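First the structure, in the form of C-alpha cells, and then the observations on it.
The values are calculated or read from the model by the stated rules, or taken from the named source; none is laboratory data. Everything quoted here is computed from the prediction, not taken from an experiment. Glycine gets a Cβ as well: all are built from the backbone with ideal geometry, and neighbour counts include every protein chain shown. Surface accessibility is based on the protein's heavy atoms, side chains included, excluding ligands, DNA and RNA. Shrake-Rupley method; radii C 1.70, N 1.55, O 1.52, S 1.80 Å.
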Amino acid sequence: STGANAITYNITQLPPLSATGGSTAYGMNSSGQVVGNSYNSATGLYEAVVWNNGAVISLGVQGMARAINDSGTVVGETGSDAASSTGVGNGVAFMYSGGVYTSLGTLGGTASGAWGINNSGTIVGMSNIGADPANVLKAHAFKYSGGVMTDLGTNAPDGYSRAHGINAAGESLGRGWG
C-alpha cells in the first residue's frame, strides 16, 4: 500500500508587507529564513524581503531577494524589473548582511542580479556586459568573492550565461546558450 510511504507536508502562508499586496518567495536557508519580494502599499513598490519566524521584514530596496545563506546574508537584485525571469532586470546585484546593503556592481554593463550564495559568502549571478540592459544576449554569469566580480564567460563568443546557484565547494550551475 502506498499509505505507509506517504509524505506529509506543511504549507505556511507567508504574510505580505501590505494587506493588499502579494509576495513571492525565492530562497530559504537551513534555519528556515525565507527571502523574496513583497508589495508595499505605502511605497507602491515591490521590495526585497526576508521572512524570519513568520514575520516579514523589508530590506528597504525595490527589487527582490533571491537567496540567503546560513549566516543570514541575503543576495538579490534591485529595480522594478527584478522579478523578470527573461533576463537581467534594470537594477544591480546586491548583498545585505547585518543591516548593511552593498551594491555588487556589474561586469561593465548597466544591470546585474545575484541569484545564489553559499555559506562561504561567494555569490553568483549574471550581469549584462553592454550599455543596453534589455539585450539579454549580452549577459554573462559572474562569481563575486572578496569584493571582486569575476566574469565566468559563456560557451560561445556572443553567448549568454547565468549562474543560478553555488555549492560549498564553489561549483556553480546555471544556464547558457550561444
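Restricting attention to segment 24-45, the residues that are surrounded by 10 or more Cβ atoms within 10 Å (Cβ to Cβ) and closer than 21 Å to Thr73 by Cβ add up to 14.
Of all residues in segment 46-61, those satisfying the criterion of being within 20 Å of Val124 (Cα to Cα) and surrounded by 22 or more Cβ atoms within 10 Å (Cβ to Cβ) are Ala48, Val49, Val61.
Pairs only if they're at least six apart or on different chains, beta carbon under 6 angstrom, first in segment 163-178 and farther than 17 Å from Met28 by Cβ and in contact (Cβ under 8 Å) with a residue 60 or more places away in the chain, second exposed (fewer than 12 other Cβ atoms within 10 Å of the Cβ) and of a type outside the set (A, V, I, L, M, F, W, C); list them, first residue then second. Hits for this filter: zero, empty list. In the set Ala114, Ala139, only one residue is among the small types (Gly, Ala, Ser), within 25 Å of Ser80 (Cα to Cα) and in contact with an Asp or Glu (Cβ under 9 Å, 6 or more places away or on another chain); that residue is Ala114. Considering segment 102-116, the residues that are out of contact with any Ser or Thr (no Cβ under 6 Å at 6 or more places or on another chain) and open to solvent by 20 Å² or more (accessible area, probe 1.4 Å) include one that is nearest to Ala141 (Cα to Cα), namely Trp115.
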